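Structure record follows, encoded as structure tokens.
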Amino acid sequence: MKRPKLAGVFLFVSCLLAYLMFVKRHYAATKPPAASAAAGRSFQYGIMFDAGSTGTRIHIFKFQIENKEATKLAHETFRAIKPGLSAYADDPEKCTAGILELLEVAKSSVPPSLWTISPVVLKATAGLRLLPGEKAKHLLDRVRALFLESPFLSRDDGVSIMDGTDEGISAWITVNFLTGDLHSADSPTVGMLDLGGGSTQITFSPQDEKTIQTSPIDYIRSFQMFNNTHTVYTHSYLGLGLMSARLAVLGGVDASPLGGSTELVSPCLAPEYSGRWEHADVVYTVKGQKAGEPVYEACLTKVEKVLYRKVMKASEAADMDFYAFSYYYDRAVDLGVIEEKEGGTIQVSDYIDAAKRVCSGLSVSPLQSPFLCLDLVYISVLLQELGFPPYKRFKLARTINQVETSWALGATFHYIESLKRH
């Protein structure tokens, strides 16, 4: 009797062990990767199309998310095509090939298992802002249809024209994410100055309640990011970008010239200079004024008149750390103050001193832009009008930790955060 009993017990134990092994193997195979033994690590992707005036660029961001740790940017894939979307204003169907080409780049960069949860977004800037409303709408509708046909996560609000303020906020998010200051509510953030061709932006996080109370209501914006609420002072001055300002200082207007007159004469150019300059599809003949009043003083008067009462001083900004981008960077490179690839720092007084030096030594030189005097005077006056004293020093950078300091990364974060709230 004992032997059959023992055999029965042995058989039961063997079956139990086999069952437990099967359950263990099955559970390990079906466990989601984010919760597996790989230290709680998972990845998320965001696809951002930057539809600018000269081309369309795609940024595919791969974010690393670890338990109880700040989100990190693991990788960025970048591709650009020309021309910009606005070139297809009269035939929106023709933009299809370029958009599909960039969507293929996204497909090859994002694992297929994550396509349906990876948002695809297009933000258009200056090129589409300048188009008649109906033409811009047709282009955006075409892109929206292509995104909906793609395997990625696409919503109606994912294709839009970005206003200047959102551009400023997104660039501010990018910079402060890359410097590591966004993840803690206590970390001091840095401000952001951007000087584009058509507009200029200033964005910073006020530390003084008085700044919030005394600023125009539409200059103060609050938003959620990484479980913190951020309040920023931000404004985009449309028409005060360097190229638009250059036209205004030269005496032109931001529209096709009346009566066909495209000759502009300015004291900001070398007295003997005569040349051609194209702006917004209009070719101007530009000439220097005959020698008379010293060039720097005459140009300064012109620039001050263009900026008179157009810019608000941000009193607290003088005491904060700021990064400056775009034409602030380019003109510092022209002066030899910073290396083109390395970046560096510059003081407001460096722009002022360089403006005086360049304007007083103006001559027609093929090695130097005929507009350098005008540009430097404009930048030095603009910075002071924004509230920065001559001793104020800025950081100049095109990249931080090898990542481009554009608005695209910040706008992607902002969009992903909005998806979580919905």
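Given 285, 200, which one is in a strand (DSSP E or B) and loosely packed, with under 14 Cβ neighbours inside 10 Å?
The match here is 285.
Looking only at the stretch 143-155, decide whether some residue is within 26 Å of residue 230 (Cβ to Cβ), surrounded by 15 or more Cβ atoms within 10 Å (Cβ to Cβ) and at pLDDT 95 or above.
yes
Can you tell me which of (1) modelled with pLDDT under 90; (2) surrounded by fewer than 20 Cβ atoms within 10 Å (Cβ to Cβ) is the one residue 362 doesn't meet?
(2)
Kindly evaluate residue 264 against the criterion of being in contact with a strand residue (DSSP E or B) (Cβ under 6 Å, 6 or more places away or on another chain), part of a helix (DSSP H, G or I) and without any contact (Cβ under 8 Å) to a residue 40 or more places away in the chain.
It is false that residue 264 is in contact with a strand residue (DSSP E or B) (Cβ under 6 Å, 6 or more places away or on another chain), part of a helix (DSSP H, G or I) and without any contact (Cβ under 8 Å) to a residue 40 or more places away in the chain.
For residue 185, indicate whether it is at pLDDT below 90, open to solvent by 70 Å² or more (accessible area, probe 1.4 Å) and of a type in the set (A, V, I, L, M).
In short, yes.
Could you grab the pairs with beta carbons closer than 8 Å, sequence gap of 6+ or different chains, first residue in the stretch 77-98 and among the hydrophobic types (A, V, I, L, M, F, W, C), second one open to solvent by less than 60 Å² (accessible area, probe 1.4 Å) and at pLDDT below 90?
Matching pairs, first to second residue: 80/55; 81/55; 85/127; 85/128; 89/131.
Residues 305, 395, 341, 313: which one is open to solvent by 30 Å² or more (accessible area, probe 1.4 Å) and touching a Ser or Thr at 6+ places or on another chain (Cβ under 7 Å)?
When all the criteria are applied, what remains is 395.
Does residue 164 satisfy the criteria of being open to solvent by 30 Å² or more (accessible area, probe 1.4 Å), among the small types (Gly, Ala, Ser) and either modelled with pLDDT under 95 or under 12 Å from the mean Cα position of the chain (by Cα) (or both)?
So residue 164 does not fit the description; no.
Just one of (1) among the charged types (D, E, K, R); (2) at pLDDT 95 or above; (3) surrounded by fewer than 17 Cβ atoms within 10 Å (Cβ to Cβ); (4) under 22 Å from residue 239 (Cα atoms) trips up residue 107, so point out which.
That leaves (4) as the condition not met.
Take the stretch 391-417 and flag every residue that is of a type outside the set (D, E, K, R), assigned to a loop (DSSP other than H, G, I, E, B) and at pLDDT 90 or above.
Correct list: 391, 397.
Going through the stretch 89-113 one residue at a time, which ones are touching a strand residue (DSSP E or B) at 6+ places or on another chain (Cβ under 6 Å) and part of a helix (DSSP H, G or I)?
98, 102, 105, 106, 109, listed by residue number.
Within the stretch 60-74, does at least one residue satisfy the condition of being farther than 26 Å from residue 205 by Cβ, at pLDDT below 95, open to solvent by 10 Å² or more (accessible area, probe 1.4 Å) and under 17 Å from the mean Cα position of the chain (by Cα)?
Within the stretch 60-74, none of the residues are farther than 26 Å from residue 205 by Cβ, at pLDDT below 95, open to solvent by 10 Å² or more (accessible area, probe 1.4 Å) and under 17 Å from the mean Cα position of the chain (by Cα).
Could you please give the count of residues in the stretch 316-359 that are part of a helix (DSSP H, G or I), of a type outside the set (A, V, I, L, M) and under 25 Å from residue 219 (Cβ atoms)?
Residues in the stretch 316-359 being part of a helix (DSSP H, G or I), of a type outside the set (A, V, I, L, M) and under 25 Å from residue 219 (Cβ atoms): 6 in total.
Is it true that residue 340 is acidic (Asp, Glu), closer than 24 Å to residue 397 by Cβ and under 21 Å from the mean Cα position of the chain (by Cα)?
When the stated conditions are applied, residue 340 passes them.
Given the residues 150, 199, which is the only one that is closer than 30 Å to residue 96 by Cα, within 23 Å of the chain's Cα centre (by Cα) and not aliphatic (A, V, I, L, M)?
The unique qualifying residue is 199.
Quick check on my filter: what residues within the stretch 203-236 are in a strand (DSSP E or B) and open to solvent by 50 Å² or more (accessible area, probe 1.4 Å)?
221, 222, 224, 229
For (1) touching a residue at least 60 places away in the same chain (Cβ under 8 Å); (2) under 27 Å from residue 295 (Cα atoms), each residue gets a yes or a no:
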residue: 339; (1), (2): no, no
residue: 350; (1), (2): no, yes
residue: 355; (1), (2): no, yes
residue: 369; (1), (2): no, yes
residue: 377; (1), (2): yes, yes
residue: 390; (1), (2): no, yes
residue: 395; (1), (2): yes, no
residue: 402; (1), (2): no, no
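Restrict the check to the stretch 163-171 and report whether at least one residue is of a type in the set (A, V, I, L, M), farther than 20 Å from residue 381 by Cβ and outside any loop (DSSP other than H, G, I, E, B).
Checked the stretch 163-171: at least one residue is of a type in the set (A, V, I, L, M), farther than 20 Å from residue 381 by Cβ and outside any loop (DSSP other than H, G, I, E, B).
The values are calculated or read from the model by the stated rules, or taken from the named source; none is laboratory data. Remember, predicted model here, so these are calculated numbers, not experimental data. Neighbour counts are summed over all protein chains in view; Cβ atoms, including those assigned to glycine, are modelled from backbone coordinates with ideal geometry. In case anyone asks, the SASA skips ligands and DNA or RNA and just uses the protein heavy atoms, side chains included. Shrake-Rupley method; radii C 1.70, N 1.55, O 1.52, S 1.80 Å.
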